[in-house]
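Inspection log for the structure reproduced underneath, given as structure tokens.
The values are calculated or read from the model by the stated rules, or taken from the named source; none is laboratory data. Remember, it's a predicted structure, so these values are computed and weren't measured experimentally. Note that we place each Cβ from the backbone using ideal geometry, even for glycine, and neighbour counts take in every protein chain shown. All accessible areas refer to the heavy atoms of the entire protein, side chains included, with ligands and DNA or RNA removed. Shrake-Rupley method; radii C 1.70, N 1.55, O 1.52, S 1.80 Å.
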Amino acid sequence: MRRADLADADCGIAQALGVLEDWWTFLIVRDVAGGTTRFDALQRELGVSRRALTERLGALVAHGVLERRPYSQHPPRYDYLLTRKGEALLPVLLALQDWGTRHLMGDGELTATAEAGSAEARRAHQLVGRRLPDVSLPGPDGLPVSPAAAGEWTVLYFFPGAYAPGAAGYPPGWGEIPGARGCTVESATYADRYADFRAAGAQVRGVSTQRPDQLADFAAYARLPFPLLSDQDGRLAAGLLLPTFRAGGVARLKRLTLLVDAAAVVRAVQFPVTDPAGSVDEMLDLVHRSRPA
């Protein structure tokens, strides 16, 4: 079947493949989500020819997945940015990443963690030196919040899921998934140490793919003095290629912590996190050692 026939087929999958023509297209969307938005930078990252990149960027713009925003008039130069239609592809990227990690690089077993020497762990630690994508996430009240506190160092801890007692949320078999348990004790330990983090010059923020109302209920129950942000659309997870897994039909973030400086650049990574409570004191020590005196 020709690609033109796929685009006209009476099937959502076939029509999507008419837009996402080949694997280069997925990688372009991946890199744009991560903050690589200019032609020359995309070409360097992907190693694709200028002609091939021009064709694929043009097609994605024509299909409304990307938009061009000028940053130079002479000569004309553009940033390529995801539209709302393009952002709707991010859960697809996360699903592909999870499938590849679990079934191609792993043994197919469901897990919320990783081995210390695994490809997934190496990828996570390669975030050091990366700037966070320019995204905002819904806070407990649904209003947008930047993951990194403006002008301050920030500890961002990502967790699979935490719910207030009596609230529906944990899927069946949650306790049997390696690495899934421990979110409540991790959050409570950050709350206990919050004054120490502030004295050391760092803010604290938690991130999960749960809904904002679920996070608000849990934060109120745990009396957290810092905000929990919802990455339910996968914008930050896809932008940083964070480790994820699926449970209960929902993409979940594996437990991981980033130390981000005042310029929103990642300075340290904790992954895998095998001791949720102990990792908090380790991160506090990292803050003391990493921040300039």
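How large is ³J(HN,Hα), in whole Hz, for each residue of the range 127-144 in order, when computed from phi with the Karplus curve 6.51 cos²θ - 1.76 cosθ + 1.60 and θ = phi - 60°, using x for Gly and Pro?
Karplus values, whole Hz, x for Gly and Pro: 6, 4, x, 7, 8, 4, x, 7, 10, 10, 10, x, x, x, 8, x, 7, x.
Once fully extended, how much extra length lies between Thr274 and Gln15, figured as 0.36 nm per residue of separation less the alpha-carbon to alpha-carbon distance?
Numbers: separation 259, 0.36 × 259 = 93.24 nm, distance 4.24 nm.
The Thr274-Gln15 span can extend by a further 89.0 nm.
Return the calculated 222 nm mean residue ellipticity for the chain, to the nearest 500 deg cm²/dmol, obtained by summing -39500 (n - 2.57) across DSSP H runs with n ≥ 4 and dividing by the residue count.
Values: 12 runs with 114 residues, N = 293.
Taking each H run of at least 4 residues, the total per residue is -11000 deg cm²/dmol.
Putting +1 on Lys and Arg Cβ atoms and -1 on Asp and Glu Cβ atoms, find which of Ala59, Tyr71, Gly139 reaches farthest to the positive end of the dipole of the range 6-149.
Value: Tyr71.
In the chain, what percent of the accessible surface is made up of carbon and sulfur (1.4 Å probe, ligands and nucleic acids excluded)?
Whole-percent figure for carbon plus sulfur exposure: 51.
Run the dipole for the range 36-100 about the Cα centre, Lys and Arg Cβ at +1, Asp and Glu Cβ at -1, nothing else charged, and hand back the magnitude in debye, nearest 20. Can you show the working numbers first?
Details: 10 positive and 7 negative charges, 54 e Å.
Roughly 260 debye for the range 36-100.
Counting heavy atoms of the protein chains only and a 1.4 Å probe, report the per residue accessible area for the range 1-132 as a whole number of Å².
Numbers: 8080 Å² over 132 residues.
I get 61 Å² per residue for this part.
Using unit Cβ charges (K, R positive; D, E negative) and no other charged atoms, how large, in debye to the nearest 20, is the dipole of the range 205-282 about its Cα centre? Walk me through the numbers before you get to the answer.
Numbers: 9 positive and 8 negative charges, 41 e Å.
For the range 205-282, the charge dipole is close to 200 debye.
In a Gaussian network model over the chain where Cα atoms closer than 10 Å are linked, find which of Leu242, Leu60, Leu228 has the largest mean-square fluctuation.
It is Leu60.
Let me know the charge dipole size of the chain about its Cα centre in debye, to the nearest 20, where only the beta-carbon of Lys, Arg (+1) and Asp, Glu (-1) is charged.
740
Apply the Kirkwood formula to the chain: the hydrodynamic radius equals the inverse of the mean of 1/r over all pairs of different alpha-carbon atoms; give it in Å with one decimal. Let's see the in-between values first.
Values: mean 1/r = 0.0493 Å⁻¹.
Over the chain, the inverse of the mean reciprocal pair distance is 20.3 Å.
Kindly give Rg over Rh for the range 215-293, based on alpha-carbon atoms, with the Kirkwood expression for the hydrodynamic radius. Could you put the intermediate results ahead of the total?
Numbers: Rg = 14.3 Å, Rh = 14.6 Å.
My calculation of the ratio gives 0.98.
I need the phi-derived Karplus couplings for the range 100-107: 6.51 cos²θ - 1.76 cosθ + 1.60, θ = phi - 60°, integer Hz, Gly and Pro marked x.
x, 5, 6, 9, 9, 9, x, 9
Would you kindly state how much longer the chain becomes between Val185 and Leu104 on full extension, computed as 0.36 nm times their sequence separation minus their alpha carbon distance, in nm to one decimal? Walk me through the numbers on the way to the answer.
Details: separation 81, 0.36 × 81 = 29.16 nm, distance 3.25 nm.
Roughly 25.9 nm would be gained on extension.
From the residues Leu240, Gly106, Gly179, which one has its Cα farthest along the dipole of the chain in the positive direction, the dipole being from +1 and -1 charges on Cβ of Lys/Arg and Asp/Glu about the Cα centre?
Checking the options against the dipole of the chain, the answer is Leu240.
Would you work out which of Ala191, Gly166, Ala202 lies farthest towards the positive end of the dipole of the range 142-212? Charges go on Cβ: Lys and Arg +1, Asp and Glu -1.
Gly166
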